[in-house]
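S.K.: First the structure, which I've put down as structure tokens, then a few questions once you've had a look.
Where a number appears in this text, it was derived from the coordinates with a stated rule and is not lab data. As the structure is a prediction and not an experimental result, all values here were calculated from the model. Cβ sites come from the backbone with ideal geometry, for glycine too, and all protein chains shown count toward neighbours.
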Amino acid sequence: MDRMERRKFLWGSLIGSGALLANSLVNQGWAQSARKKKLPPFLTGLVISTWNAGLTANEHAWKSLLEGGKALDMVEKGVNAIEADFTNRYVGLGGLPDREGHTTLDACIMDSNGMAGSVMCVEQVKYPSSLARLVMEKTPHVQLVGEGAQQFAVEQGIQLDNYVSDEAQKMYEEWLQKSEYKPIINAENHDTIGLLAIDRQGDLAGVCTTSGMAYKMRGRVGDSPIIGAGLYVDNEIGAATATGLGEAVVRTCGSFLVVELMRQGMDPQRACESAVERIRSKHTNVKDFQVGFLAVNKAGEIGAFSVQPGFTYALHKNGINQIFNAPSMFK
Ligand code: SD4
């Protein structure tokens with residue numbers, strides 16, 4: 001062996017034994033008890049989020065990690081970038097309004113200590129996910145709704161923003177002509193952001209933020225701000241988030257179900273598939289709506305599955321941020 005070959009051989013063995021070590025650490029359940037330890041150097045954080053806008057959200061989450069952010073900072077900064085994008089019709093103040101013309105926002109957040117915060121049906125708040133974090137950190141409660149949530153925002157020094165999107169308004173006026181109330185979510189074209197992150201310490205956090213179903217009834221709240229439905233995080237096990245027809249996710253406690261299935265030993269992919277199967281078994285109209293789940297476990301394995309084809313997600317792993325198509329129950 002000349003010097004070059006010996007070098008290659010040494011690197012090859014190092015990488016090989018690194019992979020073996022990674023496997024055995026995971027198999028020994030090392031990852032499950034990694035809460036207080038540093039991750040091995042080959043697991044340097046991970047971000048996964050729903051739909052194509054997730055690509056941008058992941059970048060911002062990653063930037064936060066590089067700046068020393070913890071998982072909670074990563075998820076908040078990640079989705080803030082989408083909430084601030086007023087061209088998005090499904091997240092933030094640019095979102096489509098309810099059937100009476102009000103844009104109402106839902107968001108929730110969970111940290112690695114099992115703490116949670118949520119705001120529902122809140123108006124004129126640019127960053128509902130940050131408000132959810134404030135509910136978690138500054139109040140003894142988990143959920144604030146409507147006017148109370150808005151009042152709390154003002155008390156926290158948040159300036160209300162009465163931005164109205166001309167385009168969303170136009171779409172609403174077109175909808176008003178027929179005012180057909182069909183709470184069926186199209187299989188594509190969503191942007192509700194559910195984002196899950198693992199930081200450099202191996203800790204997990206998650207967030208979910210949306211303007212909810214377009215032209216919903218006034219006061220309607222979907223799954224996105226409901227802990228256990230649109231989002232669930234258990235730092236010992238993993239995290240999950242959901243998108244699509246919120247009613248179907250709430251009825252089945254979708255994200256909690258995914259995490260509990262992982263607790264029972266399923267890998268994240270199987271857990272997402274099983275949660276979709278549960279939704280199928282509980283709904284006779286499953287052909288008419290979309291639900292998608294994302295999950296990640298403590299070892300950084302991911303899962304994605306949806307009812308209908310067309311559910312995309314963004315994964316930032318090993319330094320690469322990419323969009324993927326999730327497999328689905330209907331082909
Ligand atoms: C809701 N789950 O309000 C949300 C909508 C959604 O992509 O996810 N759209 O029911």
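S.K.: Taking a threshold of 27 Å on the Cα-Cα distance, which of the pairs 77/170; 77/178; 126/282; 170/287; 70/298 fall above it?
M.R.: Details: 77/170 30 Å; 77/178 39 Å; 126/282 36 Å; 170/287 30 Å; 70/298 15 Å.
Going by Cα-Cα distance, 77/170; 77/178; 126/282; 170/287 fall outside the 27 Å limit.
S.K.: What is the sum of charges around residue 109, taking Lys and Arg as +1, Asp and Glu as -1, for the other residues whose C-beta is under 10 Å from the C-beta of residue 109? If you can, show how the numbers build up before the last one.
M.R.: On the way: positive: 133; negative: 76, 111, 137.
With Lys, Arg at +1 and Asp, Glu at -1, the net is -2.
S.K.: Determine the principal axes of the Cα atoms in region 189-324, then give the extent along each, sorted from largest to smallest and rounded to whole angstroms.
M.R.: 42, 28, 26
S.K.: Considering just Cα atoms, how many Å³ per residue does the convex hull of region 59-161 enclose? Walk me through the intermediate numbers first.
M.R.: On the way: hull volume 10.1 nm³, N = 103.
In region 59-161, the Cα convex hull volume per residue is 98 Å³.
S.K.: Could you tally the net charge around residue 146, taking each other residue with its Cβ under 13 Å from the Cβ of residue 146, Lys/Arg +1 and Asp/Glu -1?
M.R.: On the way: positive: 218, 220; negative: 98, 106, 123, 147.
Net local charge, residue 146 excluded: -2.
S.K.: Also, quick follow-up: Using the Cβ atoms and a cut-off under 13 Å, what net charge is assigned to the surroundings of residue 224, where Lys and Arg are +1 and Asp and Glu are -1? Walk me through the numbers on the way to the answer.
M.R.: Numbers: positive: 216, 220; negative: 83, 106, 191, 223, 247.
That works out to -3.
S.K.: Let me ask you something else. Expressed in nm to one decimal, what extension gain is obtained for the pair residue 282 and residue 169 from 0.36 nm per residue of sequence separation less their Cα-Cα distance? Please list the in-between numbers first.
M.R.: Values: separation 113, 0.36 × 113 = 40.68 nm, distance 3.53 nm.
Gain on extension, residue 282 to residue 169, equals 37.1 nm.
S.K.: Using alpha carbon centroids, what distance separates region 58-112 and region 250-318, in Å?
M.R.: Their Cα centres are 21 Å away from one another.
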